[in-house]
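A.B. asks: Quick one: this structure, given as structure tokens, is what I'll be asking you about.
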Amino acid sequence: MLTPTQTSSSSGKFSTYFALTCFGIGTLLLLIHLAFPHDVQILILGFLYVVIALISNLIVLLSLCYQWHIKPHDRKIIVIRILILLSNIPIALLYLKIVFHK
């Protein structure tokens, strides 16, 4: 049986790993696009990835907000995890600017 601290830690680790994984996949797709700028299939794949990542990140964000609400003693660490997850937004916007203004 997990203690409250272990439960908080495991769900927090997931959100951090998820944010890093999304960042890594997005960066990989950008690099592939820069290597093959005229390949339409890469653009379509990138667009689908952005949509799927947006929806899945929103679900993880809602989960973290729920945890913030029900676990007042863990709020500080949950806010840090939320900020890590939200840090992908400006990175994604920068990547979109690079793709559309190349």
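The values are calculated or read from the model by the stated rules, or taken from the named source; none is laboratory data. What you see is a predicted model; the values in this text were computed from it and never measured. For neighbour counting, all protein chains shown are included, and Cβ atoms are generated from backbone atoms with ideal geometry for every residue, glycine included.
A.B. asks: Those residues that are surrounded by 12 or more Cβ atoms within 10 Å (Cβ to Cβ) and not hydroxyl-bearing (Ser, Thr, Tyr), I need them from segment 19-34; list them, please.
C.D. replies: Across segment 19-34, the qualifying residues are ALA19, LEU20, CYS22, PHE23, ILE25, GLY26, LEU29, LEU30, ILE32, HIS33, LEU34.
A.B. asks: If I ask for residues that are hydrophobic (A, V, I, L, M, F, W, C) and surrounded by 17 or more Cβ atoms within 10 Å (Cβ to Cβ), which ones from segment 68-82 would you list?
C.D. replies: First pass over segment 68-82, keeping only residues hydrophobic (A, V, I, L, M, F, W, C): 68, 70, 77-80, 82.
Answer for segment 68-82, where residues must be hydrophobic (A, V, I, L, M, F, W, C) and surrounded by 17 or more Cβ atoms within 10 Å (Cβ to Cβ): TRP68, ILE78, ILE82.
A.B. asks: If PRO37 satisfies all but one of (1) free of Cβ contacts under 8 Å to residues at least 24 places away in the same chain; (2) loosely packed, with under 15 Cβ neighbours inside 10 Å; (3) more than 15 Å from LEU85 (Cα to Cα), what's the number of the condition it fails?
C.D. replies: Here PRO37 clears every test but (1).
A.B. asks: While we're here: Output the number of the condition that PHE47 fails; it satisfies all remaining conditions of (1) surrounded by 10 or more Cβ atoms within 10 Å (Cβ to Cβ); (2) modelled with pLDDT of 95 or more.
C.D. replies: If we test PHE47 against (1) surrounded by 10 or more Cβ atoms within 10 Å (Cβ to Cβ); (2) modelled with pLDDT of 95 or more, just (2) comes out false.
A.B. asks: Another question about this same structure. Using the structure shown, decide if ILE44 is outside any loop (DSSP other than H, G, I, E, B) and over 20 Å from LEU20 (Cα atoms).
C.D. replies: On the way: outside any loop (DSSP other than H, G, I, E, B): yes; over 20 Å from LEU20 (Cα atoms): yes.
Considered against the rule, which asks whether it is outside any loop (DSSP other than H, G, I, E, B) and over 20 Å from LEU20 (Cα atoms), ILE44 comes out as yes.
A.B. asks: Filtering segment 83-102 down to residues that are part of a helix (DSSP H, G or I) and without any contact (Cβ under 8 Å) to a residue 24 or more places away in the chain, which residue is farthest from VAL51 (Cα to Cα)? Quick ask: steps written out before the conclusion?
C.D. replies: Filtering segment 83-102 down to residues part of a helix (DSSP H, G or I) leaves 83-86, 88-100.
Still in the running and without any contact (Cβ under 8 Å) to a residue 24 or more places away in the chain: 83, 89-90, 93-94, 97, 100.
Details: LEU83: 20, ILE89: 13, PRO90: 16, LEU93: 13, LEU94: 16, LYS97: 16, PHE100: 16 Å.
If we take residues in segment 83-102 being part of a helix (DSSP H, G or I) and without any contact (Cβ under 8 Å) to a residue 24 or more places away in the chain, then LEU83 is farthest from VAL51 (Cα to Cα).
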